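S.K.: I am attaching a structure below and will ask some questions about it afterwards.
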Amino acid sequence: MMNRSEIARYARALRERLEGHRLAGWEPPLAAERIAPDLPAHTDHVQASPVTSSAPAETPRESGSSEKTLELLRGEVAGCSRCRLHEGRAQAVFGVGDPNARLMFVGEGPGSEEDRQGEPFVGPAGQLLDKIIVAMGLRRADVYIANVVKCRPPNNRNPRSDEMEACRGYLDQQIGRVAPEVIVALGTVAARALVGGELSMGKMRGRFHHYGEVPVMPTYHPAYLLRTPSEKRKVWEDIQQVMARLELGPDESPRSA
Ligand code: URA
């Protein structure tokens with residue numbers, strides 16, 4: 001006969017497996033459905049959340065300070081003309097989410113839908129990213145999402161090194177202000193920009209790298225997953241490592257994390 005803790009361990013292992021299968025089929029996992037059943041797909045509504053960086057009760061993170069400084073930076077980015085990309089943009093796409101998030105996603109640069117709406121990851125790749133976030137038991141509003149470059153490269157080409165260099169300070173400041181505990185780098189461009197080097201995604205993913213002191217998990221870009229769904233399993237493995245680092249167990253309510 002199994003004792004209580006063995007049953008709990010068994011249930012947890014089963015649950016993790018199920019969650020992985022569900023993510024591979026891109027079904028929202030049960031836990032997330034239960035926790036956030038009617039969450040709007042895209043929102044920059046900022047709320048206290050489990051992935052909000054915790055600070056000692058007596059010295060709470062200066063309320064609103066990251067938000068305020070991020071808003072100042074957003075204004076600066078809106079008028080930026082540091083590189084040629086500003087010429088073709090409808091608007092700069094700054095970042096979205098919880099200014100005190102423990103988890104940050106960094107992509108490459110806005111696509112056409114992001115350029116139109118002024119928010120990162122709102123096109124098809126963004127919808128897949130939302131599913132990944134939900135599969136983690138989180139909501140889009142719980143994390144912070146940004147890109148390496150803030151203006152759409154023409155014809156969705158990769159940003160060039162001088163464009164990334166010109167935009168670099170904005171991303172560094174976003175990371176500094178949000179101060180996430182973990183960053184997920186979506187795609188090779190973002191991963192190389194954050195951790196340096198020239199490795200392929202196949203060689204980078206699956207283990208943590210570093211941006212300064214912040215652990216960075218490189219993984220495949222959701223746009224790549226849309227073209228190559230067979231790689232979803234690897235992304236889920238990477239995401240599970242991130243969840244473990246943040247102590248977001250699949251059977252724990254994120255509200256109590
Ligand atoms: N791809 C990215 O890298 N970023 C976005 O915001 C959208 C698509």
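The values are calculated or read from the model by the stated rules, or taken from the named source; none is laboratory data. No experiment lies behind these values; they were computed from the predicted model shown. As a convention, Cβ positions derive from the backbone with ideal geometry for all residues, glycine included, and neighbour counts pool all protein chains shown. SASA here: full protein model, heavy atoms, side chains in, ligands and nucleic acids out. Shrake-Rupley method; radii C 1.70, N 1.55, O 1.52, S 1.80 Å.
S.K.: Would a scan of the stretch 243-251 turn up a residue that is modelled with pLDDT of 95 or more, closer than 24 Å to P110 by Cα and surrounded by fewer than 21 Cβ atoms within 10 Å (Cβ to Cβ)?
M.R.: no
S.K.: Could you check T188 against (1) within 18 Å of Y144 (Cβ to Cβ); (2) under 15 Å from the mean Cα position of the chain (by Cα) and say which number it fails?
M.R.: With (1) within 18 Å of Y144 (Cβ to Cβ); (2) under 15 Å from the mean Cα position of the chain (by Cα) applied to T188, the lone miss is (1).
S.K.: Let me ask another. Which condition number does Q174 fail, the rest of (1) open to solvent by less than 10 Å² (accessible area, probe 1.4 Å); (2) near the ligand (Cβ under 10 Å from one of its atoms); (3) touching a residue at least 24 places away in the same chain (Cβ under 8 Å) being met?
M.R.: That leaves (2) as the condition not met.
S.K.: Could I ask something else about it? Which is closer than 20 Å to E165 by Cβ and within 12 Å of the ligand (Cβ to nearest atom), of G111, G88, G95?
M.R.: Checking each option against the conditions leaves just G95.
S.K.: Looking only at the stretch 179-193, count every residue that is within 15 Å of the ligand (Cβ to nearest atom) and open to solvent by less than 10 Å² (accessible area, probe 1.4 Å) and tell me the total.
M.R.: The number of residues fulfilling the criteria is 7.
S.K.: Kindly provide the set of residues from the stretch 168-185 that are among the basic types (K, R) and over 16 Å from the mean Cα position of the chain (by Cα), ordered by number.
M.R.: R168
S.K.: What number goes with the only condition from (1) more than 16 Å from the ligand (Cβ to nearest atom); (2) of a type outside the set (A, V, I, L, M); (3) modelled with pLDDT of 95 or more; (4) more than 17 Å from A101 (Cβ to Cβ) that E213 does not pass?
M.R.: (4)
S.K.: Looking at E33, E71, E67, E76, which is the one that is at pLDDT below 50, part of a helix (DSSP H, G or I) and surrounded by fewer than 18 Cβ atoms within 10 Å (Cβ to Cβ)?
M.R.: Only one candidate qualifies: E33.
S.K.: Could you list all residues from the stretch 160-171 that are of a type outside the set (A, V, I, L, M), open to solvent by 10 Å² or more (accessible area, probe 1.4 Å) and within 16 Å of the ligand (Cβ to nearest atom)?
M.R.: R160, C167, R168
S.K.: Sort out which residues of the stretch 216-249 are in a loop (DSSP other than H, G, I, E, B), in contact (Cβ under 8 Å) with a residue 40 or more places away in the chain and more than 16 Å from the ligand (Cβ to nearest atom), and write them in order of number.
M.R.: L246, L248, G249 - these are the residues of the stretch 216-249 that are in a loop (DSSP other than H, G, I, E, B), in contact (Cβ under 8 Å) with a residue 40 or more places away in the chain and more than 16 Å from the ligand (Cβ to nearest atom).
S.K.: Hey, can you tell me all the residues within the stretch 66-83 that are over 19 Å from V143 (Cβ atoms) and out of contact with any helix residue (DSSP H, G or I) (no Cβ under 7 Å at 6 or more places or on another chain)?
M.R.: Within the stretch 66-83, K68, L72, G75, E76, A78, G79, S81 qualify.
S.K.: A further question follows. Test M104 against the criterion of being among the aliphatic types (A, V, I, L, M), at pLDDT 95 or above, within 16 Å of the ligand (Cβ to nearest atom) and within 24 Å of T219 (Cα to Cα), and give yes or no.
M.R.: Yes: the conditions hold for M104.
S.K.: Oh, and also: Out of curiosity, is D115 of a type in the set (D, E), more than 14 Å from the chain's Cα centre (by Cα) and open to solvent by less than 20 Å² (accessible area, probe 1.4 Å)?
M.R.: So D115 passes the test.
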